[in-house]
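The values are calculated or read from the model by the stated rules, or taken from the named source; none is laboratory data. Please read all numbers here as calculations on a predicted model, not as lab measurements. So basically every Cβ, Gly included, is an ideal-geometry build from the backbone, and we count neighbours across all protein chains shown.
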Amino acid sequence: MSENQVFITGVYRSGTTILTGLLRAHKEIDIGSPSVQYFRYIIKKNISPSLYKDIVISISERVDFRYSIKLDVNRIINDIEKSSKEKITHKLIYGVVMCALHNNSGRRWGEKTLLEWTNIPLFLEMYPSGKTIHIIRDPRDVLASYKHMTYETEEKYLDAIFNCLDSMQHAIEYSKNLSKENYYLVKFEDLVSDRMGQIKKICDYLDIEFNESDYSDENIKEGVGEGSIRLTLETHSSFPNSSQKSFKRWDKNLTKNELDLAEAILGDCMNCFGYDLSQNLNSNNFQWLLKIMQNNTLINDRIANYLKTGKGAEGFPSDPTDPKNWSSSTLSQGKELEKGAAYAYKKLLS
């Protein structure tokens, strides 16, 4: 099994889907947006790899539930057992499942997974020759986009500020401490304004051949296998038909209060990455935020943690690993929550 796998991460609405769609067009890499989310659902829950059979069943049920992708559970379990020399590890389970997700093509695989930059070092521990790509975007545009697309209620969309902060803080740390052979940082704005130039650099980083014809719009898709669809502005709101429509969305889509809060918290990091501040900051006008904090536990906790530690947070407002939240997804409509995927995952955690 190859050891130079690809791991893409970033904040929601930061361009991970566009980046994944572009890389998916390359013939040497199997990568798609639906993913097994092994770090989120298995490793972060401290589930032992000795439970590999239950892990495989749970993953299989979930990707079927969410994406209608059928995995051959028996083959995956057999491949794990045949490949284990001494003991079964998370790396082995993860690798076999990812290969199965791509029909065991034998090609190099990659995974896009949101909000997992803190696990970049763990991924590289598992795959020392692996390649990680971390994407960032002007956090004001992330906030503006998330505000208008999220299913989260009330002011939980403000959590994007703290996720962007944590992502940028780790990007600064990783750029200093991780090898350029294993860690690549890309800005959404650069990817959109200079698609071919940036993709060529990423191909060089991944040690794969760059062929400009591979990256025409019709080749850029989202999904896995036959279920993939072409990425366009109509199918995915972050896929731009004009770079100008992707930049400075915050100017019209954020209130003055939201803009002030974002720049007050993110200003130093934004400066590090060349995002100019609006110069309209009024740091004394945060009475509106106090009212939100009184009524919103999540935002109150995020603010309190920031004031205490100066750090952001990595995570969705609502826990995606809680089966109770799965039914809110448009992808799961018409499916029974208490059977199949939810049951398998609850059993795994019990």
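Quick one: which of Glu125, Glu173, Glu152, Glu189 is among the acidic types (Asp, Glu), farther than 14 Å from Ile8 by Cα and in a loop (DSSP other than H, G, I, E, B)?
On the way: Glu125 fails: in a loop (DSSP other than H, G, I, E, B); Glu173 fails: in a loop (DSSP other than H, G, I, E, B); Glu189 fails: in a loop (DSSP other than H, G, I, E, B).
None of the others qualify; the one that does is Glu152.
Being at pLDDT below 65 and over 22 Å from Thr9 (Cβ atoms) is the filter here, so list the residues in region 192-234 that pass it. Explain how you work it out, then say what you get.
Step one: list which residues in region 192-234 are at pLDDT below 65, which gives 221-234.
Once the filter is applied, which keeps residues that are at pLDDT below 65 and over 22 Å from Thr9 (Cβ atoms), region 192-234 yields Gly225, Glu226, Gly227, Ile229, Arg230, Thr232, Leu233, Glu234.
Can you name every residue in region 273-330 that is of a type in the set (Lys, Arg) and either within 23 Å of Met168 (Cβ to Cβ) or at pLDDT 95 or above (or both)? Explain how you work it out, then say what you get.
Residues of region 273-330 that are of a type in the set (Lys, Arg), as a first pass: 291, 302, 308, 311, 324.
If the condition is that a residue be of a type in the set (Lys, Arg) and either within 23 Å of Met168 (Cβ to Cβ) or at pLDDT 95 or above (or both), then Arg302, Lys308, Lys311 are the ones that fit.
Candidates in region 308-328 are the residues that are of a type in the set (A, V, I, L, M, F, W, C) and in a loop (DSSP other than H, G, I, E, B); of these, the one that is farthest from Met149 (Cα to Cα) is Ala313.
In the condition set (1) at pLDDT below 95; (2) of a type outside the set (Ser, Thr, Tyr); (3) farther than 28 Å from Asp190 by Cα; (4) surrounded by fewer than 17 Cβ atoms within 10 Å (Cβ to Cβ), Asn74 is compliant with all but (1).
If you go through region 22-50 and pick out every residue that is more than 18 Å from Ile80 (Cβ to Cβ) and surrounded by fewer than 17 Cβ atoms within 10 Å (Cβ to Cβ), you end up with 5.
For region 159-197, the set of residues classified as surrounded by fewer than 17 Cβ atoms within 10 Å (Cβ to Cβ), over 28 Å from Ala264 (Cβ atoms) and among the polar types (S, T, N, Q) consists of Ser179 only.
For Tyr205, the stated conditions do not hold, so it cannot be described as surrounded by fewer than 20 Cβ atoms within 10 Å (Cβ to Cβ), part of a loop (DSSP other than H, G, I, E, B) and in contact (Cβ under 8 Å) with a residue 12 or more places away in the chain.
In region 77-118, how many are crowded, with 19+ Cβ neighbours inside 10 Å, in a helix (DSSP H, G or I) and not aliphatic (A, V, I, L, M)?
The number of residues fulfilling the criteria is 5.
Restricting attention to region 288-311, and to residues there that are without any contact (Cβ under 8 Å) to a residue 60 or more places away in the chain and aliphatic (A, V, I, L, M), which single residue is farthest from Glu155 (Cα to Cα)? Taking the candidates together, the pick is Leu307.
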